[in-house]
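Let me begin by presenting the structure, written as structure tokens, before commenting on it.
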Amino acid sequence: NHTFTLAATDGQTSDSKSVSVSFANQIYYGAAENTSSVTTLSNKVLSNTKGRTITVNAGSGKYIIYALPKRLGTVTFKVNGFDGGFSSPEEKNLTNASGYTEAYYVYKSTNANLGNTTVVVS
């Protein structure tokens with residue numbers, strides 16, 4: 001995050017204005033056989049908010065994967081009204097399309113083949 005300030009004067013009066021810019025990185029989610037290629041998952045959202053409701057179709061041999069920047073903290077999952085359903089997160093360094101590398105928590109559902117599943121992440 002960064003704040004930019006522009007100051008101007010005409011010799012007698014002066015004024016300044018500031019604007020803050022917040023940078024966000026992708027949150028990735030989707031279905032995959034493992035967590036090896038998180039950045040290629042079918043869904044991603046540019047966000048600094050970790051919670052959301054997602055729907056993923058995890059077909060044959062596929063798990064639901066959810067990856068978020070580690071700086072956002074850990075999350076909990078609710079699947080079909082039940083808490084849990086995901087393994088403890090793996091920590092991975094992921095590089096975005098702009099070449100920026102950040103530490104991520106990568107979660108994988110404990111079961112594969114869940115079909116079309118809605119997950120509440122908080």
If only one of 5, 40, 9 is closer than 18 Å to residue 65 by Cα and not charged (D, E, K, R), which one is it? 40
Run residue 44 past the list (1) open to solvent by 40 Å² or more (accessible area, probe 1.4 Å); (2) modelled with pLDDT of 95 or more and report the number of the one that doesn't hold. (2)
Here the residues within region 45-66 that are of a type in the set (S, T, N, Q) and touching a strand residue (DSSP E or B) at 6+ places or on another chain (Cβ under 6 Å) are 47, 53, 55, 57
Out of 50, 78, sole residue that is touching a residue at least 24 places away in the same chain (Cβ under 8 Å) and crowded, with 17+ Cβ neighbours inside 10 Å: 50
Restricting attention to region 1-44, the residues that are closer than 25 Å to residue 79 by Cα, of a type outside the set (Val, Ile, Thr) and either free of Cβ contacts under 8 Å to residues at least 24 places away in the same chain or out of contact with any strand residue (DSSP E or B) (no Cβ under 9 Å at 6 or more places or on another chain) (or both) number exactly 5
Residue 37 - would you say it is out of contact with any Ser or Thr (no Cβ under 8 Å at 6 or more places or on another chain), among the polar types (S, T, N, Q) and either surrounded by fewer than 17 Cβ atoms within 10 Å (Cβ to Cβ) or over 30 Å from residue 1 (Cβ atoms) (or both)? yes
Of all the residues that make up region 81-109, how many are of a type in the set (S, T, N, Q), open to solvent by 80 Å² or more (accessible area, probe 1.4 Å) and in a loop (DSSP other than H, G, I, E, B)? 2
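The values are calculated or read from the model by the stated rules, or taken from the named source; none is laboratory data. Quantities reported herein were computed from a predicted structural model and do not represent experimental measurements. In this analysis, Cβ positions are derived from the backbone assuming ideal geometry, glycine residues included, and neighbour counts consider all displayed protein chains. These accessible areas exclude ligands, DNA and RNA; they are computed on the full protein's heavy atoms, side chains included. Shrake-Rupley method; radii C 1.70, N 1.55, O 1.52, S 1.80 Å.
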